[in-house]
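The values are calculated or read from the model by the stated rules, or taken from the named source; none is laboratory data. Fair warning: this is a prediction, and the values are worked out from it, not measured in the lab. Here the Cβ positions follow ideal geometry from the backbone for every residue, glycine too, while neighbour counts run over all protein chains shown. Surface areas here come from the heavy atoms of the whole protein model, side chains and all, with no ligands, DNA or RNA. Shrake-Rupley method; radii C 1.70, N 1.55, O 1.52, S 1.80 Å.
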Amino acid sequence: RAPIARRKCAAGADLFADLRAYPLQNFAGRFLGFDHFLLWGASDIALPEFVIARVEVSRDFARRVLHVTVTDRERAFVWCGADNMCVWGDPRGIVFQYAPFAEGQLITSISEEGALPLLGSAVLPDEQFTRLTRIARIARDAGLIVERVAFDRKQQELTVSARNAPTMLFSLRFDSSFAATVLSTLSGRNDFRNIDTVDLRVERKAYYRMK
């Protein structure tokens, strides 16, 4: 038998209770008990806590000790729905914990009308989420002081409002990498501050409207 130390992850999930239940999922575990050393053969364990990205288990046969390494999900962005209800999301686009409402440049915050994605689910399909993160990186690299990002799920479009730049309209239907060159060109114009909106919703084309 191998003792397991009780601990909580940063978000407060009770790992001990979840680890106790893991080996009891099969007949041998139910017969031998959760703390039988030989039952812990898997290196990775999937636990039901959304805040946990990974649980790794290794066995020290000499001392008959289990080493459990817990990796919490990284807080990469905030996704907000109706009534300013928000959730934290990780770098892969998985939402995992409720969050306070946030807007501004300290943390990437995206708002949409409608219900929040369910905890443990992806906010977008992988390809579209990659396009979204690329847009966020373009805005950051261009030095935009972003105040608000709004997402229209039906149209698959983003509206980026910045304090020091025109309103930017993007589409998630294609890769918007070309926007970096557009922003660089427009920001060098003397009348850049007089541009109201830059529309990048047509692939490899840019349209702008003056104030």
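Over the range 80-200, what portion of Cα pair distances is larger than 16 Å, expressed as a whole percent? Result for the distance tail: 61 percent. With a 1.4 Å probe and every protein chain kept in, tell me what percent of the accessible surface of the range 166-211 is carbon plus sulfur. Carbon with sulfur: 45 percent of the solvent-accessible area.
Size check on the range 144-211: the Cα extents along the three principal axes, sorted descending, read 35, 24, 18 Å.
For the range 99-141, GluC sites (Glu not before Pro) meeting the loop criterion (DSSP other than H, G, I, E, B) and having at most 12 other Cβ atoms within 10 Å: Glu113. Spin-label pair Ser177-Arg189: with each label point 7 Å from Cα along the Cα-Cβ axis, the two points sit 2.5 nm from one another. Averaging the sequence gap over all C-alpha pairs within less than 8 Å and six or more residues apart, then dividing by the number of residues, gives the range 72-129 a relative contact order of 36 percent.
Here the contact order of the range 47-196, divided by its residue count and restricted to Cα pairs under 8 Å and six or more residues apart, works out to 15 percent.
Solvent exposure of the range 155-211 amounts to 57 Å² per residue of accessible area, where only protein heavy atoms count and the probe is 1.4 Å. Taking θ as phi - 60° and the Karplus parameters 6.51, -1.76 and 1.60, the scalar couplings of the range 150-163 work out to 10, 10, 9, 5, 5, 8, 6, 10, 10, 10, 10, 9, 10, 6 Hz in sequence order, x denoting glycine and proline.
Rolling a 1.4 Å probe over the heavy atoms of the protein chains gives the range 95-143 an accessible area of 57 Å² per residue. Among the protein heavy atoms of the range 75-155, carbon and sulfur supply 51% of the accessible surface, probe 1.4 Å, non-protein parts ignored.
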